[in-house]
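**Q** Just passing along the structure, written as structure tokens.
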Amino acid sequence: MDVEDFDELVSRAPREIRNRLEFLGGRLCIRHGPLDVDEFEELAAVAPETVRLEYIDGKVEVKAMPDGNHTSIFLWLSRQCMQHRPDLDLAPERGVKAEAYRKGRARTDGFLAPVDHFKGDREWSDPDGSLMAVEITSHDRDTDQRDRIDKPIGYAAADIPVYLLIDRDNHTLTVHSEPKDGRYQQISRHPWGATVELPTPVNITLDTEKLKDYAD
């Protein structure tokens with residue numbers, strides 16, 4: 001997020017939220033205590049297309065815009081899912097109600113669910129009935145906390161069966177499964193190029209050799 005994006009966000013924000021927004025050290029900050037989830041949804045609904053907001057662990061976060069390799073990795077995964085499970089849709093950049101009691105708002109890079117699962121949904125979908133959340137790391141300073149720490153907790157607490165992290169820094173895929181008591185009980189890490197089994201209920205085998213083309 002740059003200062004131009006921040007200025008545009010402020011100009012669009014509801015009046016009661018506008019004066020609480022600050023831009024410090026290249027980050028969006030909230031004055032006078034955190035926003036509640038309803039206030040966050042109001043702000044996210046008016047954010048410009050270049051500002052993708054999430055609400056994670058009670059904090060407003062800005063998710064980096066995808067670059068070309070990020071998009072190519074998503075499209076590779078989408079083709080794999082379509083080939084193996086034509087009964088499922090991998091929705092890009094789907095907003096999801098995450099965390100305990102559905103109090104978080106995560107913007108997934110991909111969200112796998114039965115065909116037509118998202119029909120009639122607004123910006124934030126309920127996770128019930130979904131199979132997998134997908135995140136692809138970006139080269140920004142918040143990706144470690146967001147994708148490797150906060151997102152697994154939030155998705156497990158929402159009982160999303162599988163969380164797949166495609167890590168562009170480490171060139172690995174990390175498969176989280178079996179959510180229980182707010183934590184994934186099974187976590188396995190695989191290098192790019194390995195054959196990766198996505199467990200039940202996804203039941204897809206990924207040939208990840210192609211990912212090596214997107215190393216940067």
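**Q** So which of LEU77, LEU112, LEU90 ends up being crowded, with 19+ Cβ neighbours inside 10 Å and over 14 Å from the mean Cα position of the chain (by Cα)?
**A** The conditions single out LEU77.
**Q** In the list SER138, SER130, which residue meets the criterion of being in the same structural domain as THR200 (by TED's automatic domain parsing) and modelled with pLDDT of 95 or more?
**A** SER130
**Q** Something else: Find the residue count for segment 191-216, including only residues that are over 21 Å from THR143 (Cβ atoms), assigned to a loop (DSSP other than H, G, I, E, B) and over 20 Å from the mean Cα position of the chain (by Cα).
**A** Final tally of qualifying residues: 4.
**Q** Exactly one condition in (1) surrounded by 13 or more Cβ atoms within 10 Å (Cβ to Cβ); (2) over 17 Å from VAL96 (Cα atoms) is false for HIS139; which is it?
**A** Among (1) surrounded by 13 or more Cβ atoms within 10 Å (Cβ to Cβ); (2) over 17 Å from VAL96 (Cα atoms), the lone unmet condition for HIS139 is (1).
**Q** Taking LYS59 and the conditions (1) loosely packed, with under 13 Cβ neighbours inside 10 Å; (2) within 22 Å of ILE149 (Cα to Cα), which numbered condition does it fall short on, given that it satisfies the others?
**A** Answer for LYS59: the failing condition is (1).
**Q** Just wondering, is there one or more residues in segment 141-149 that are in contact (Cβ under 8 Å) with a residue 40 or more places away in the chain and aliphatic (A, V, I, L, M)?
**A** No, segment 141-149 contains no residue that is in contact (Cβ under 8 Å) with a residue 40 or more places away in the chain and aliphatic (A, V, I, L, M).
**Q** While we're on this one: List every residue pair whose Cβ atoms lie under 8 Å apart, where the two residues are 6 or more positions apart in sequence or sit on different chains, the first residue falls within segment 152-174 and is closer than 17 Å to ASP216 by Cβ, and the second residue, located anywhere, is of a type in the set (Gly, Ala, Ser).
**A** What qualifies is ARG168/SER138; ARG168/ALA215; HIS171/ALA215; LEU173/ALA194.
**Q** Given the residues ILE149, ILE166, which is the only one that is of a type in the set (Val, Ile, Thr), surrounded by fewer than 22 Cβ atoms within 10 Å (Cβ to Cβ) and farther than 24 Å from ALA45 by Cα?
**A** ILE149
**Q** Could you check LEU35 against (1) touching a Lys or Arg at 6+ places or on another chain (Cβ under 7 Å); (2) closer than 14 Å to GLU61 by Cβ and say which number it fails?
**A** With respect to (1) touching a Lys or Arg at 6+ places or on another chain (Cβ under 7 Å); (2) closer than 14 Å to GLU61 by Cβ, LEU35 is out only on (1).
The values are calculated or read from the model by the stated rules, or taken from the named source; none is laboratory data. On a predicted model such as this, the values are computed, not experimentally measured, just so you know. Virtual Cβ from ideal backbone geometry, glycine too; neighbours counted across all protein chains shown.
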